[in-house]
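The values are calculated or read from the model by the stated rules, or taken from the named source; none is laboratory data. Keep in mind it's a predicted model, so treat the numbers as computed, not measured. Here Cβ is always computed from backbone atoms with ideal geometry, including for glycine, and neighbour counts include all displayed protein chains.
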Amino acid sequence: MKRDFIIFGGIGDLSLRKLLPSLYYLYRDGQLSEDFRISCVSRADKTHDEFVELVRSKLVEFLDDDFDAQVFASYSKILSYKKVDLTDKHDWQKFADDLNIRNDGGREIIYYLSVPPTMFATVCERIREFNLNPEYSRLVVEKPLGEDFDSASKINSLLNVSFDEKQIFRIDHYLGKPALQKILDIRSNDPSLEEKWNKENIKRINITVSETVGVEGRVEFLDRAGVLRDMIQNHLMQILSFIAMDLPAEMAADAIRDQKVSVVEALAKIGSDNVKSLTVKGQYIAGNNMPGYIDEIRQQNENAAGTGETFVEVKVYVENDRWQGMPFYLRTGKRLAKRLADVEVIFKDGEKVVVEIQPEICMREISSDSEIQIERVLVDKSKRIPEAYEFLIHQIVKGDQTYFVRDDEIMASWKWIDGIRAGWQATNQKIIDYKAGSNGPELE
Ligand code: BG6
């Protein structure tokens with residue numbers, strides 16, 4: 001079947017840095033069907049040659065030694081550029097005529113919305129108006145999918161104008177990280193471990209994503225959203241749900257996603273009565289030769305409010321039979337001492353199982369006296385490990401929704417996050433300072 005992969009925002013940063021390089025690898029490795037075509041849509045004036053040259057220069061930059069001029073010469077033949085001002089109906093008419101779905105409808109069309117959420121409504125409405133969504137079409141969207149329950153619910157309704165849930169692929173790039181996908185394998189392939197995977201045997205589970213980077217030019221968004229919404233609502237919630245879910249009877253996309261949703265729906269509510277004892281939020285100040293958050297953001301925007309938290313730790317309870325009363329600690333922050341994402345499962349008998357998501361991709365089993373440490377590498381290191389986007393795009397092309405976030409999951413997590421924010425506001429919870437390059441504050 002013919003396939004069209006259409007990127008709105010096709011010459012933006014995400015497309016050039018992640019999507020087109022990922023598609024290059026999939027093309028090179030024979031993972032795209034013969035009739036696969038990629039169209040990049042943008043309103044900039046560009047000739048085909050200028051566009052191809054832009055893509056070539058970016059691939060040279062991002063692929064280093066993996067760039068092969070010969071492969072690119074044939075890859076470039078499946079690339080095309082479409083100049084469309086998304087706010088202009090005449091441009092849409094031309095775009096629709098070019099696509100020519102009416103006469104050539106038996107093909108799969110994947111629309112990738114690499115545009116700000118404020119454009120989602122226009123794109124979805126036009127797709128419906130011009131009948132551009134044949135049965136086999138899919139829609140791919142990226143975070144931020146809303147900033148609270150209400151805005152996320154609006155976005156979901158917009159997407160549903162033209163697509164049903166089976167066609168929508170919501171990306172959380174953490175789901176493209178190999179260690180995260182391995183969590184289910186680890187649990188289902190080791191019955192003795194799975195037997196111990198509950199509150200009777202486990203004392204606590206720590207889920208950490210610590211970053212060394214600061215705000216990196218995203219002042220406006222980060223200062224408004226803070227890491228609670230930028231990281232906990234999505235990436236840490238995804239890790240938590242894979243760790244805490246019950247294993248489904250069959251490993252099918254919706255069976256897995258049903259179990260994940262159950263975890264998020266079972267999170268004990270945090271609100272004004274308990275937010276102080278269950279959360280800590282922080283902001284970095286100058287330290288270790290690095291500027292503080294406020295100085296950094298005011299250099300980019302002198303009017304920035306400076307109220308965004310750059311660190312959060314939340315003590316979370318999952319209220320179901322398996323986990324009732326056992327705490328999960330979700331911890332994330334920017335400008336911390338090291339870059340690390342991992343899950344530490346601490347058993348009551350002192351044993352520890354650690355799944356490292358990055359920088360290494362491995363699992364360690366550590367005995368109670370720390371004398372025995374078994375390390376299992378979770379990927380084949382002799383092969384190139386595909387980047388998160390490459391894995392995810394491959395799944396989209398194959399039509400497998402397992403590693404994409406379903407609407408009910410996203411809504412349940414926003415509801416829970418909104419409770420924390422309301423609690424912070426009602427109790428006027430303070431932001432704790434921590435030094436850049438340190439380990440961040442601790443929950444008491
Ligand atoms: C993004 C957040 O989704 O994930 C960023 O918006 C964060 O603030 C990034 O830095 C972390 O991703 P990774 O893959 O580098 O751990």
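Whenever a residue of the range 109-129 is touching a residue at least 24 places away in the same chain (Cβ under 8 Å), its partners that are among the small types (Gly, Ala, Ser) and not in a helix (DSSP H, G or I), lying with C-beta atoms within less than 7 angstrom and at least six residues away or across chains, give the pairs ILE109/SER137; TYR111/SER137; SER114/GLY9; SER114/GLY12; VAL115/GLY9. Scanning the range 123-141 for residues that are aliphatic (A, V, I, L, M) and under 19 Å from ASN103 (Cα atoms) returns ILE127, LEU132.
Taking every residue in the range 165-185 that is without any contact (Cβ under 8 Å) to a residue 60 or more places away in the chain and pairing it with any residue that is among the aromatic types (Phe, Trp, Tyr) and assigned to a strand (DSSP E or B), at least 6 positions away or on another chain, yields no pair with a Cβ-Cβ distance below 7 Å. For VAL316, the test of being over 22 Å from ASP223 (Cα atoms), touching a residue at least 40 places away in the same chain (Cβ under 8 Å) and within 16 Å of the ligand (Cβ to nearest atom) is failed.
Residue count for the range 143-197, restricted to those that are β-branched (Val, Ile, Thr), more than 14 Å from MET363 (Cβ to Cβ) and more than 18 Å from the chain's Cα centre (by Cα): 1.
Residues are listed down the side, and each one gets a yes or a no for (1) assigned to a helix (DSSP H, G or I); (2) within 16 Å of the ligand (Cβ to nearest atom); (3) of a type in the set (Lys, Arg); (4) touching a helix residue (DSSP H, G or I) at 6+ places or on another chain (Cβ under 8 Å):
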{"residue": "ARG257", "(1), (2), (3), (4)": "yes, no, yes, yes"}
{"residue": "GLY282", "(1), (2), (3), (4)": "no, yes, no, no"}
{"residue": "ILE297", "(1), (2), (3), (4)": "yes, yes, no, yes"}
{"residue": "TYR329", "(1), (2), (3), (4)": "no, no, no, no"}
{"residue": "ASP342", "(1), (2), (3), (4)": "no, yes, no, no"}
{"residue": "VAL355", "(1), (2), (3), (4)": "no, yes, no, yes"}
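At least 3 residues being crowded, with 16+ Cβ neighbours inside 10 Å and more than 11 Å from the ligand (Cβ to nearest atom) is the threshold, and among the helices (runs of 4 or more DSSP H) wholly inside the range 143-239 those reaching it are 149-162, 178-189. With respect to the conditions (1) among the hydroxyl-bearing types (Ser, Thr, Tyr); (2) more than 24 Å from ILE168 (Cα to Cα); (3) surrounded by fewer than 20 Cβ atoms within 10 Å (Cβ to Cβ), SER262 falls short on a single one, namely (2).
Just one of (1) free of Cβ contacts under 8 Å to residues at least 40 places away in the same chain; (2) closer than 27 Å to PRO144 by Cβ; (3) among the acidic types (Asp, Glu) fails for GLU265. It is (1).
The C-beta contact set for the range 186-200 (first residue of a type outside the set (Gly, Ala, Ser), second residue modelled with pLDDT of 95 or more and surrounded by fewer than 10 Cβ atoms within 10 Å (Cβ to Cβ), distance under 8 angstrom, 6+ apart or interchain) comprises LYS199/GLY325. Among the criteria (1) away from the ligand (no atom under 15 Å from the Cβ); (2) over 27 Å from ALA253 (Cα atoms), the one ASP380 does not fulfil is (2).
Does at least one position in the range 116-124 carry a residue that is under 18 Å from the mean Cα position of the chain (by Cα), at pLDDT below 95 and within 16 Å of the ligand (Cβ to nearest atom)? Looking through the range 116-124, at least one residue is under 18 Å from the mean Cα position of the chain (by Cα), at pLDDT below 95 and within 16 Å of the ligand (Cβ to nearest atom).
If the condition is being out of contact with any strand residue (DSSP E or B) (no Cβ under 8 Å at 6 or more places or on another chain) and under 25 Å from PRO144 (Cβ atoms), then the range 424-444 contributes GLN425, ALA426. Selection of the range 367-382 for residues being over 24 Å from VAL209 (Cβ atoms) and part of a strand (DSSP E or B) yields only ILE374.
The number of residues in the range 128-142 being of a type in the set (A, V, I, L, M), modelled with pLDDT of 95 or more and away from the ligand (no atom under 16 Å from the Cβ) comes to 1.
Determine if the range 348-358 includes at least one residue that is in contact (Cβ under 8 Å) with a residue 40 or more places away in the chain, surrounded by fewer than 18 Cβ atoms within 10 Å (Cβ to Cβ) and under 23 Å from GLY437 (Cα atoms). Yes, the conditions are met somewhere in the range 348-358. When the range 240-251 is limited to residues that are out of contact with any Ser or Thr (no Cβ under 8 Å at 6 or more places or on another chain) and farther than 22 Å from LEU145 by Cα, the one that is farthest from the ligand (Cβ to nearest atom) turns out to be ALA249.
Okay, residues lined up against (1) assigned to a loop (DSSP other than H, G, I, E, B); (2) of a type in the set (D, E, K, R); (3) more than 14 Å from GLY176 (Cα to Cα):
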site: GLU365; (1), (2), (3): no, yes, yes
site: ARG384; (1), (2), (3): yes, yes, yes
site: ILE396; (1), (2), (3): no, no, no
site: TYR403; (1), (2), (3): yes, no, no
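Here is the figure for the range 21-66: residues that are among the basic types (Lys, Arg) and assigned to a helix (DSSP H, G or I) total 3. Can you report the number of residues in the range 97-142 which are of a type in the set (Gly, Ala, Ser) and surrounded by fewer than 18 Cβ atoms within 10 Å (Cβ to Cβ)? Matching residues across the range 97-142 total 3.
Here's the yes/no breakdown for (1) among the polar types (S, T, N, Q); (2) modelled with pLDDT under 95:
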| site | (1), (2) |
| --- | --- |
| TYR317 | no, no |
| GLN324 | yes, no |
| GLY333 | no, no |
| VAL354 | no, no |
| ILE357 | no, no |
| LEU378 | no, yes |
| PHE391 | no, no |
| HIS394 | no, no |
| ALA412 | no, no |
